[in-house]
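Please treat every number below as a calculation from the coordinates, not as lab data. Values in this document were obtained by computation on a predicted structure and should not be read as measured data. Using ideal geometry, Cβ is built from the backbone for each residue, glycine included, and neighbour counts are taken over all protein chains shown.
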Amino acid sequence: MTTFKSLDIRGLSFFNAFNMTNDAVNEVKTDGILEIIIDKKKNFTDAFSEWASSRGYKVSGVNEDDGLIRMFITKVAKLKNKKR
């Protein structure tokens, strides 16, 4: 497992991009970061933000430059329920 992984999903359909992102995040250690490079023309930023949130991950940054978007997703450790 790695602490930082970069994934370029520019030009892919949403389905293929989602599957690749889902596989890539599994290769990242807890508290590691997955960088997703997204095409501005196919802006999937909102969809991937919602996906990350639903999995308990945190979008730690979004940068827009020269026709592409870089989204950084931190794979946050899940909190364990404490017994009372």
query = Which one is nearest to Gly11 (Cα to Cα), of the residues in segment 59-80 that are exposed (fewer than 13 other Cβ atoms within 10 Å of the Cβ) and touching an Asp or Glu at 6+ places or on another chain (Cβ under 8 Å)?
reply = Gly67
key: Gly56 of a type outside the set (D, E, K, R), closer than 16 Å to Leu68 by Cβ and surrounded by fewer than 13 Cβ atoms within 10 Å (Cβ to Cβ)   = no
query = If you check Ala52 against the conditions, is it under 10 Å from the mean Cα position of the chain (by Cα) and small (Gly, Ala, Ser)?
reply = yes
key: In segment 1-49, residue surrounded by the fewest Cβ atoms within 10 Å (Cβ to Cβ) [restricted to those that are closer than 15 Å to Gly61 by Cα and in contact (Cβ under 8 Å) with a residue 40 or more places away in the chain]   = Asp31
task = With a cut-off of at least 3 residues that are in contact with a helix residue (DSSP H, G or I) (Cβ under 8 Å, 6 or more places away or on another chain), name the strands (runs of 3 or more DSSP E) lying wholly within segment 1-83.
result = 28-39, 58-65, 68-74
